Amino acid sequence: MTSQTEETIKKGVICASCDIACPLVSEVKDGKVVKIRAHQDKGPLKDYICMKGVNAPNGFSSEHRITKPLKRVGERGSGQWEEISWETALDEIAEKLTGIVDQYGPEALAVSTSQWNTSTDNGMGRRFMNLLGSPNWISGVALCAGNTAAVNRMTYGWFPWPDYRNTKCIVLFGHTPKKHSWTPIYHQIRKAQKNGAKLIVLDPRRNENVDSADIWLPLKAGTDAALSLGWLNVIIEEELYDKAFVEKWTTGFEALKERLAEYPLARVAEITGLEETLIRESARMYAMADSACIPWSPITDQQVNSTSAIRLQAILRAITGNLDAPGGDVLHGLNPEVINEVELEWHEILPQAQKDKQLGNEQHPVFTYRGMEALREPTKRVWGREYVNLITGSFMAVPYRTFQAMAYEKPYPVKAFFALGNNALLGYSNMKLIRDAMMNQELVVAHEHVMTPTAQLSDYVLPGDSWLERNHLQDSLGWNANILVSNKSVEPPGECHGAFDFWRGLAVRMGFEEHFPWETTEQIFDYRLKNLGVSFEEFAKNSFGHTPKVKFRKYENTGFATPSGKVELKSSILEDLGFDALPYYRDSPQPSEEYPLLVFTGVREDEFFQTGHRFIPELRKRRPEPKFFLNPKDAKNLAIENGEWIFIINKAGKIKGIAEIRDDMPPGLVRAPHGWWKPETKQGKDFLSSALDLSDAQLTIEEEGYIDTEQGIPHLRGLPCRVEKA
Ligand SMILES: Nc1nc2c(c(=O)[nH]1)N[C@H]1C(S)=C(S)[C@@H](COP(=O)(O)OP(=O)(O)OC[C@H]3O[C@@H](n4cnc5c(=O)[nH]c(N)nc54)[C@H](O)[C@@H]3O)O[C@H]1N2
Ligand SMILES: Nc1nc2c(c(=O)[nH]1)N[C@H]1C(S)=C(S)[C@@H](COP(=O)(O)OP(=O)(O)OC[C@H]3O[C@@H](n4cnc5c(=O)[nH]c(N)nc54)[C@H](O)[C@@H]3O)O[C@H]1N2
Ligand code: SF4
Ligand SMILES: [Mo]
């Protein structure tokens with residue numbers, strides 16, 4: 001929506017400076033955004049804003065912003081560039097890609113994009129790849145809600161969103177929304193608590209939500225799956241589960257019970273380091289609440305036990321009767337009124353022979369085409385479409401296998417790599433492998449705002465527009481069914497363009513123009529809204545979006561979108577893929593004499609989103625350097641003082657940061673922030689703007705024992721390490 005006062009134009013925008021999509025207002029004067037503020041002065045949306053949103057205009061007008069397409073001159077990574085036009089860049093990229101496809105096949109193109117809702121290509125990236133014939137698409141969502149969505153689908157066919165409004169109990173498996181981290185969720189949790197909801201927090205550390213929690217379970221890092229097995233034991237033994245639901249709507253209950261017998265409470269207490277009484281008391285609180293929800297958590301999508309830990313949360317939701325129930329975890333489906341992004345991706349046209357080549361699908365199939373195959377028919381039956389790419393995480397290649405194919409050309413060569421709105425080098429695991437992988441390419445393209453370490457290793461850096469410089473129609477990719485409108489506030493600077501323009505430009509040059517009939521994103525928005533009978537312009541003028549009425553217990557009419565039509569406590573899909581069909585716990589990497597501590601990598605900082613934002617002075621001055629948190633006892637043993645530079649060293653690498661000694665850290669655990677590099681420092685492959693000194697992705701390891709078996713994603717939380725003075 002747009003309104004105009006004397007000199008200020010106000011626009012309704014959806015913030016994409018992180019991935020939680022706050023509705024905000026931009027104030028525009030003389031063609032410049034002069035202020036970003038919350039959507040309301042009073043009312044529920046007034047607090048939905050954080051310092052990253054407020055400072056977005058400073059970032060978009062930064063001197064670091066790239067506003068012209070750049071082409072590498074000299075060696076890759078030498079840091080020398082010339083400005084070229086978009087037309088020339090796209091001509092050259094299309095020509096090179098055609099040559100690579102002719103020589104190695106279409107699977108030689110790998111594409112890495114950002115997390116789900118800051119990418120704005122309207123599904124055109126996947127459409128292009130499906131037309132070309134490449135299954136090798138990867139994303140940071142492989143370590144976030146994308147893989148969680150895929151694993152949830154195996155149990156009950158969709159990925160739920162918590163009903164915070166009605167809930168009487170919230171369980172946070174590590175997940176710690178704060179005032180400046182997933183801000184709307186932080187406020188929704190506070191509101192639910194005011195409405196009487198209990199809060200259970202599971203975290204080895206006394207985190208920011210502990211003070212207001214009803215129960216805090218300071219479990220050992222990496223033991224969430226064991227704790228859930230313990231909870232299930234209590235819930236079943238004390239008959240706190242929803243018997244009618246279990247009988248009518250689940251398969252494998254008896255088999256699950258047998259498995260649970262392997263995890264008596266005494267064993268769970270030993271694994272988790274928690275008192276048996278506390279485990280019992282918390283299980284009761286969750287199961288006996290009138291309604292309860294378990295919000296998604298990144299903790300369980302980034303550990304060796306990931307598949308089981310996620311499945312266990314799904315099983316808890318189901319057997320306590322909280323699935324698709326008021327106050328529980330709701331399966332929303334896609335927005336029925338509009339054409340959703342997933343429908344535009346055209347996964348049905350990628351030939352099976354090409355799907356079969358998706359990298360990593362033999363070893364770790366869960367979120368690949370192969371893993372999702374058995375869900376096609378059930379998903380069509382229940383949700384009306386065979387291929388739903390929930391949170392864009394349902395048909396991914398396995399990232400580390402993709403980087404291996406890029407670096408070592410096995411099982412086949414991958415020779416072209418596009419990193420679009422994604423700082424791939426720092427944003428997965430094993431940064432050294434990714435560097436080798438990028439250096440072994442014949443074509444590397446980055447679509448970016450700034451010269452990230454990843455862009456520094458590219459052949460073409462194409463300047464991206466920002467969320468203040470484009471219209472956008474955002475759907476929630478099945479997490480909920482909301483459609484949100486974001487209005488362009490100002491024109492993009494220089495020659496910045498969106499991802500849609502990149503893909504269409506390439507498609508036209510490579511013979512796919514007829515499949516890209518829209519010339520602008522606004523035209524594709526018109527198409528997506530056609531069932532509502534409005535154009536994007538009219539829609540944006542009159543509303544903020546479209547939210548269908550929530551319906552509960554839809555499965556009573558449709559069944560669940562699994563092969564059996566029920567909640568599969570024992571997963572037929574995992575069984576057919578050759579894995580343990582029941583959830584289990586296995587030990588995560590343990591400290592040793594050489595590496596006596598555990599490091600928790602990937603900590604989010606209030607000032608930045610992931611690997612971004614470090615070039616924004618207003619934010620950077622609040623946090624100029626990376627800080628490593630450690631316990632006073634460990635610091636004393638190592639004679640480390642607060643504020644001194646230290647190294648964290650493990651078998652994969654070594655990173656540097658400033659010691660911050662904190663009482664809230666448990667002994668034996670160190671925390672390292674995610675994604676550090678310094679945009680102001682020296683660029684090029686031997687420096688990577690200090691990423692080689694600072695990036696936590698150098699500590700992660702991809703070998704047996706350090707990755708989740710079924711998905712192949714790395715263990716980020718709790719890696720054996722030692723700490724030394726720098
Ligand atoms: N300002 C800001 N906000 C952000 C982001 C950002 O970059 N900046 N990123 C956003 C994104 S994409 C994500 S995914 C979220 C992630 O943010 P959160 O969901 O809040 O998760 P983390 O901050 O990674 O970790 C939360 C807690 O998990 C605890 N923990 C460590 N190991 C374990 C374990 O094994 N089990 C349990 N139960 N707890 C453990 C840690 O001590 C920590 O307190 O943040 C979002 N919010
Ligand atoms: N090692 C390790 N890897 C991780 C994680 C971790 O903790 N550790 N966390 C995982 C998680 S939870 C997530 S959600 C993902 C996040 O992964 P990503 O979403 O890829 O996040 P970023 O690393 O911030 O990279 C986004 C890049 O996009 C650029 N950008 C921002 N807006 C735009 C835009 O509008 N257009 C264009 N063209 N570019 C834009 C930014 O400058 C930035 O360089 O990473 C995952 N990977
Ligand atoms: S929490 Fe902050 S960065 Fe994220 S969408 Fe909201 S205002 Fe933007
Ligand atoms: Mo994330």
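Tell me, please, whether a residue that is closer than 26 Å to residue 601 by Cβ, in contact with a Ser or Thr (Cβ under 6 Å, 6 or more places away or on another chain) and either assigned by TED's automatic domain parsing to the domain that holds residue 326 or not aromatic (Phe, Trp, Tyr) (or both) can be found in the stretch 179-195. No, the conditions are met nowhere in the stretch 179-195.
Pick from 99, 77: which is touching a Leu at 6+ places or on another chain (Cβ under 6 Å) and either in the same structural domain as residue 408 (by TED's automatic domain parsing) or assigned to a strand (DSSP E or B) (or both)? It would help to see each step written out before you state the result.
Details: 99 fails: touching a Leu at 6+ places or on another chain (Cβ under 6 Å).
None of the other options fit; the residue is 77.
Considering only residues that are outside any helix (DSSP H, G or I) and not small (Gly, Ala, Ser), look in the stretch 502-524 and name the one that is least open to solvent (accessible area, probe 1.4 Å). It would help to see each step written out before you state the result.
So in the stretch 502-524, the residues outside any helix (DSSP H, G or I) come out as 510-512, 516-520.
Next cut, not small (Gly, Ala, Ser) only: 510, 512, 516-520.
Values: 510: 36, 512: 34, 516: 1, 517: 80, 518: 26, 519: 122, 520: 54 Å².
Only one residue fits best here, namely 516.
Looking across the stretch 412-427, just one residue is among the hydrophobic types (A, V, I, L, M, F, W, C) and assigned to a loop (DSSP other than H, G, I, E, B), and that is 414.
In the condition set (1) among the aliphatic types (A, V, I, L, M); (2) over 30 Å from residue 712 (Cα atoms); (3) surrounded by fewer than 22 Cβ atoms within 10 Å (Cβ to Cβ), residue 439 is compliant with all but (2). The residue list 266, 226, 287, 314 contains one member that is assigned to a helix (DSSP H, G or I) and surrounded by fewer than 18 Cβ atoms within 10 Å (Cβ to Cβ), which is 266.
Quick check: anything in the stretch 189-199 surrounded by 19 or more Cβ atoms within 10 Å (Cβ to Cβ), within 13 Å of ligand 1 (Cβ to nearest atom) and not in a strand (DSSP E or B)?
Let us first name the residues in the stretch 189-199 that are surrounded by 19 or more Cβ atoms within 10 Å (Cβ to Cβ), namely 189, 192, 197-199.
From the residues that got through so far, the ones that are within 13 Å of ligand 1 (Cβ to nearest atom) too are 189.
After this cut, where a residue has to be not in a strand (DSSP E or B) as well, the list is 189.
There is at least one residue in the stretch 189-199 that is surrounded by 19 or more Cβ atoms within 10 Å (Cβ to Cβ), within 13 Å of ligand 1 (Cβ to nearest atom) and not in a strand (DSSP E or B).
Give the stretch 102-155 a look and list any residue that's assigned to a helix (DSSP H, G or I) and within 16 Å of ligand 4 (Cβ to nearest atom), or say none. Listed by number, the residues that qualify are 140, 141, 142, 143, 145, 146, 147, 148, 149, 150, 151, 152.
Here residue 379 fulfils each of the conditions (1) among the hydroxyl-bearing types (Ser, Thr, Tyr); (2) more than 20 Å from the chain's Cα centre (by Cα); (3) closer than 24 Å to residue 106 by Cβ apart from (3). Please tell me if residue 119 is open to solvent by 20 Å² or more (accessible area, probe 1.4 Å), out of contact with any Ser or Thr (no Cβ under 8 Å at 6 or more places or on another chain) and either farther than 20 Å from residue 409 by Cα or of a type outside the set (D, E, K, R) (or both). No; evaluated as a whole, the condition is false for this residue.
Within the stretch 80-100, not a single residue is in contact with a strand residue (DSSP E or B) (Cβ under 6 Å, 6 or more places away or on another chain) and of a type in the set (Ser, Thr, Tyr). Within the stretch 482-501, restricting attention to residues that are more than 25 Å from the chain's Cα centre (by Cα) and more than 12 Å from residue 470 (Cα to Cα), the residue that is surrounded by the most Cβ atoms within 10 Å (Cβ to Cβ) is 495.
Just to confirm my filter: which helices (runs of 4 or more DSSP H) fall fully inside the stretch 525-615 and include at least 3 residues that are open to solvent by 50 Å² or more (accessible area, probe 1.4 Å) and under 24 Å from residue 21 (Cα atoms)?
Values: elements: 536-542, 555-558, 572-576.
The qualifying helices (runs of 4 or more DSSP H) are 536-542.
Residues in the stretch 219-271 that are away from ligand 2 (no atom under 16 Å from the Cβ) and touching a Gly at 6+ places or on another chain (Cβ under 7 Å): 219, 220, 242, 245, 263, 265, 268. Looking only at residues of the stretch 616-629 that are in contact with a helix residue (DSSP H, G or I) (Cβ under 9 Å, 6 or more places away or on another chain) and in a loop (DSSP other than H, G, I, E, B), we find that the one that is farthest from ligand 1 (Cβ to nearest atom) is 625. Residue count for the stretch 699-718, restricted to those that are closer than 17 Å to residue 434 by Cα and among the acidic types (Asp, Glu): 2.
Within the stretch 165-187, the set of residues being surrounded by 21 or more Cβ atoms within 10 Å (Cβ to Cβ) and more than 16 Å from ligand 4 (Cβ to nearest atom) comprises 167, 169, 170, 171. Whenever a residue of the stretch 371-391 is among the charged types (D, E, K, R), its partners that are at pLDDT below 95, lying with C-beta atoms within less than 7 angstrom and at least six residues away or across chains, give the pairs 385/343. Scanning the stretch 317-332 for residues that are crowded, with 20+ Cβ neighbours inside 10 Å and assigned to a loop (DSSP other than H, G, I, E, B) yields a total of 9.
The values are calculated or read from the model by the stated rules, or taken from the named source; none is laboratory data. Because the structure is predicted, anything quoted here is derived from the model rather than measured. Quick reminder, even Gly has a Cβ in these numbers, built from the backbone with ideal geometry, and neighbours come from all protein chains shown. Ligands, DNA and RNA are stripped out before the accessible areas are found, and what is left, the full protein with its side chains, is counted by its heavy atoms. Shrake-Rupley method; radii C 1.70, N 1.55, O 1.52, S 1.80 Å.
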